[in-house]
Amino acid sequence: MSLKIGRNEPCWCGSGRKYKTCHEAFDGRIAWLKSQGHKVPSRAIIKTPQQIAGIRESAKINIAVLDYVAENIRAGMSTEEIDRMVYEKTTAMGGIPAPLHYEGFPKSVCTSVNEQVCHGIPSEADILREGDIVNVDVSTNLDGYYSDSSRMFMIGEVSEEKRRLVQVTKECVEIGLKEVKPWGFLGDMGQAVHDHAYENGYTVVREIGGHGIGLEFHEEPWVGYNSKRGQEMVMAPGMIFTIEPMVNMGGAAIYVDSENDWTVYTEDGMPSAQWEIQVLVTDDGAEIISY
Ligand code: MF3
Ligand code: CO
């Protein structure tokens, strides 16, 4: 059960405003959508203004770390060196790399090269070579507030085929972002991502998706890209989640490395690309928190 708040009492969101001028209409809309059979967000994943401020601070580090990687990444470098850069930059700015020891993950960042789909583990043995495409997935914990985004990097001269995969995957995220607005559905975004990838002859990984984020690294909802317009969870102001499709040049099938239980590969050995942004649903659209 939950207690009903008096209309003149402070709103549950922590804004300091009266409930009747703050989230009363919001709660009514959520209740109505739920009665219509839609999936709706729980209050626990609607961020307060103070939490949003903390998450934005965390994201400042996340973005700076990715910028630092962008300035320094080059052929001949090991993925372990990327891990060191991420650890050094994050901690120098007062944050903690969220992947480190997360469910046993051994490093500070995921580095996924070519046919590695995601969760690549940095290693001294993995040297970046001219022609590689690599995803660097950075996540930060600052004072308990989480941020998460990833970018693709092209090492030296990259084939036209791989270049196009990287570009179209970026477009998928941008096209998905356009669908993020209050009282839309996650499926609006998911279908837009999916359709753009398939129109370009690519496939999208089905088993791994984005996620709510903010007070924890991974929160509700799960965010897939094989969903349909008008379906999945309602997007309400104050929700924060990631858009991070993994787009494959070949088939969508994947497998997990049985040696480390982390690294995901394409089944057919063809390249895969991923970009990730962290997004806040606002009263009139969306705000990118980390990119
Ligand atoms: N950064 C990944 C994501 O986008 C999560 C990686 S989990 C880790 O959700 F442990 F591998 F870091
Ligand atoms: Co993520």
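Points to keep in mind about this one:
- Single condition Lys162 does not satisfy, out of (1) surrounded by fewer than 24 Cβ atoms within 10 Å (Cβ to Cβ); (2) without any contact (Cβ under 8 Å) to a residue 60 or more places away in the chain; (3) more than 28 Å from Gly144 (Cα to Cα): (2)
- Lone unmet requirement of (1) loosely packed, with under 14 Cβ neighbours inside 10 Å; (2) at pLDDT 95 or above; (3) more than 21 Å from Gln278 (Cβ to Cβ); (4) touching a Phe, Trp or Tyr at 6+ places or on another chain (Cβ under 8 Å) for Gly37: (4)
- Residue match in the range 155-173 (condition: more than 16 Å from ligand 1 (Cβ to nearest atom) and at positive phi): yes
- Near pairs, Cβ below 9 angstrom, 6+ apart or cross-chain, from the range 276-291 (under 14 Å from Gly184 (Cβ atoms) and touching a residue at least 60 places away in the same chain (Cβ under 8 Å)) to any residue that is outside any loop (DSSP other than H, G, I, E, B) and of a type in the set (Ser, Thr, Tyr): Val279/Thr242; Val279/Ser290
- Contacts under 7 angstrom Cβ, first residue in the range 239-258 being farther than 30 Å from Gln50 by Cβ and among the charged types (D, E, K, R), partner modelled with pLDDT of 95 or more and part of a loop (DSSP other than H, G, I, E, B), 6 or more apart: Asp257/Thr263
- Residues that are touching a residue at least 60 places away in the same chain (Cβ under 8 Å), within 9 Å of ligand 1 (Cβ to nearest atom), surrounded by fewer than 21 Cβ atoms within 10 Å (Cβ to Cβ) and in a loop (DSSP other than H, G, I, E, B) within the range 94-118 comprise just one, Phe105.
- Annotation: Met85 fulfils all but one of (1) more than 16 Å from ligand 2 (Cβ to nearest atom); (2) touching a Leu at 6+ places or on another chain (Cβ under 9 Å); the unmet one is (2).
- The number of residues in the range 201-238 that are within 16 Å of ligand 1 (Cβ to nearest atom), touching a residue at least 60 places away in the same chain (Cβ under 8 Å) and more than 30 Å from Asp143 (Cβ to Cβ) comes to 1.
- In the range 269-291, the residues that are of a type outside the set (S, T, N, Q), surrounded by 14 or more Cβ atoms within 10 Å (Cβ to Cβ) and under 28 Å from Glu161 (Cβ atoms): Met270, Pro271, Ala273, Trp275, Glu276, Ile277, Tyr291
- Members of the range 144-185 that are outside any loop (DSSP other than H, G, I, E, B), of a type in the set (Ser, Thr, Tyr) and either more than 19 Å from Asn62 (Cα to Cα) or over 20 Å from the mean Cα position of the chain (by Cα) (or both): Thr169
- Restricting the range 236-268 to residues that are under 22 Å from Ile63 (Cα atoms) and within 16 Å of ligand 2 (Cβ to nearest atom), the residue that is surrounded by the fewest Cβ atoms within 10 Å (Cβ to Cβ): Thr242
- Any hit, the range 210-223, residues being within 16 Å of ligand 2 (Cβ to nearest atom) and more than 18 Å from Asp148 (Cα to Cα): no
The values are calculated or read from the model by the stated rules, or taken from the named source; none is laboratory data. None of these values were measured; they are calculated from a predicted model. Counting neighbours? That spans all protein chains shown, and the Cβs are built from the backbone with ideal geometry, glycine included.
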